[in-house]
Structure formats: structure tokens, C-alpha cells
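Bear in mind that the values in this text are calculations on the coordinates, not laboratory data. Predicted model, so just to flag it, every value in this text is computed and none were measured. Every residue, glycine among them, receives a Cβ derived from its backbone with ideal geometry; neighbour counts consider all protein chains shown.
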Amino acid sequence: MLTCKDASHLVSESQDRSLGLFENWGLRMHVWMCISCRRFENQIGQMRRLLRQTDLNDETGAANPLTVEAHERISKVVSAHMPAST
């Protein structure tokens, strides 16, 4: 039987690759019995759908919801938290 840690790892892995038969079976059994992991799987799925929707909007030329100023602020914060290159 999978632990919740193993199940969450497989849920994440399943976003990038097809799980093997036994991995998928073990995950399905665990998620069927564990409400916390079921919620986690649903949340990951929802985030993936939202990110795909955002990607589709960007590719179709729809208006980007972030302003140039917002992009600049985010870039500054991310840069401030990046380790200095050596």
C-alpha cells in the first residue's frame, strides 16, 4: 500500500509521464481510500487546467491579464531571491 507521500509523488509524476500499470493501480487504490490525496489530485488537476487555459490565451493573442508594470515587479522580486552567480 502506498503512503500519502508516495501517492503525492505519483500524482505529480503523472502530470509529466504516463504511469506504469502497477503505479497507476496503486495510486488509484490509495486515492480511492484517502480523501486528502484525492483532494490533492483534484487540486493539481485544476491548476493544470488553469495553466493550460492561460497558455491558450497567450498563444491566441488574447489580452494578457498582467500589466507591464506587474511583470516588472514580479521580475524584480524573483531576481532579488535568486542566488548570486559565481
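Some observations on this one:
- Taking a sphere under 12 Å around the Cβ of Leu10 and counting the other residues whose Cβ falls inside, with K and R at +1 and D and E at -1, yields a net charge of -2.
- Relative compactness, segment 4-80, computed as alpha-carbon Rg over 2.2 N^0.38 Å: 1.51
- Distant-in-sequence amide H partners of Ser14 (H built 1.01 Å from N, under 5 Å): none
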